[in-house]
Amino acid sequence: MYEKILVPLDGSKMGEAALPYVEELVSQLLPKVKVEVTLFQVVPSIAHWVVGGEATAPVPYTEIEMEQIKKRAIEYLDKAAEGLRNRGAIVECKVGVGSPAEEIIKVTDEIKADVVAMSTHGRSGLGQWAFGSVTAKVLRGGNIPVLMVRAPRDTEKT
C-alpha cells in the first residue's frame with residue numbers, strides 16, 4: 001500500500017505532470033489509509049557561473065544566497081502542495097542540495113517512501129544522452145517502485 005509517497009519537483013510545469021496522478025491516488029486511498037506525501041526539490045549546484053569576457057568561473061553561492069534559494073523552493077513546494085492538502089494528505093516539503101538523482105534516492109530511504117512519483121520529459125537517444133535522465137537514474141539506483149508520468153509536450157516551453 002502506498003502510504004508514503006515522494007514527489008520530486010524541479011519548479012517547472014513539466015516537472016509537475018505527476019501531481020494530478022498523485023492527487024487521484026490520494027483521493028482513492030483516503031480515508032482508509034493515512035497518506036503522507038513529501039514534495040522534494042533539489043538545488044542541483046552550490047555554485048553559479050560568472051562570465052567575464054571570454055572567461056568563465058564557478059562562484060560558490062554565499063550562505064545567504066543558499067538560504068534565499070531554499071526559501072523560494074519551499075514557497076514553491078507549499079503552493080504545489082495545496083491540491084494534496086485539500087484532498088486530506090499530510091504533506092511535507094523538503095529541499096536538498098546536490099545531484100538530483102542521488103538526493104532523491106537518499107530521501108526515499110530517509111522517509112521510508114513506498115513509491116516515488118515523478119515526471120519524465122520523454123527524451124530518448126541523443127537528447128537523453130546529452131541531458132541525462134534523473135528519472136532513469138532514480139529508477140535504476142533506487143530500491144522502490146517509481147511511477148513515471150510523461151509530461152505533456154505543450155508544457156515543454158514553460
Exercise. In the range 61-73, which residues are closer than 24 Å to Pro20 by Cα and surrounded by 15 or more Cβ atoms within 10 Å (Cβ to Cβ)?
Worked result: Ala73
Exercise. Just a yes or no: is a residue in the range 6-20 closer than 17 Å to Asn86 by Cα, in a strand (DSSP E or B) and either polar (S, T, N, Q) or touching a residue at least 12 places away in the same chain (Cβ under 8 Å) (or both)?
Worked result: yes
Seminar exercise, completed: The residue that is farthest from the chain's Cα centre (by Cα), considering only those in the range 27-61 that are within 21 Å of Pro100 (Cα to Cα) and among the β-branched types (Val, Ile, Thr), is Val59
For this session: Give the residue that is farthest from Lys94 (Cα to Cα), with candidates limited to residues of the range 31-54 that are assigned to a strand (DSSP E or B) and at pLDDT 85 or above.
Result: Glu36
Exercise. Here are Glu75, Glu67, Glu92, Glu82: which of them is acidic (Asp, Glu) and farther than 30 Å from Leu30 by Cβ?
Worked result: Glu67
For this session: Kindly check whether there is at least one residue in the range 84-99 that is in a helix (DSSP H, G or I) and in contact with a Phe, Trp or Tyr (Cβ under 6 Å, 6 or more places away or on another chain).
Result: no
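The values are calculated or read from the model by the stated rules, or taken from the named source; none is laboratory data. Quick caveat: nothing in here was measured; it's all calculated off a predicted structure. Please note: Cβ atoms are built from the backbone with ideal geometry, for glycine as well, and neighbour counts cover all protein chains shown.
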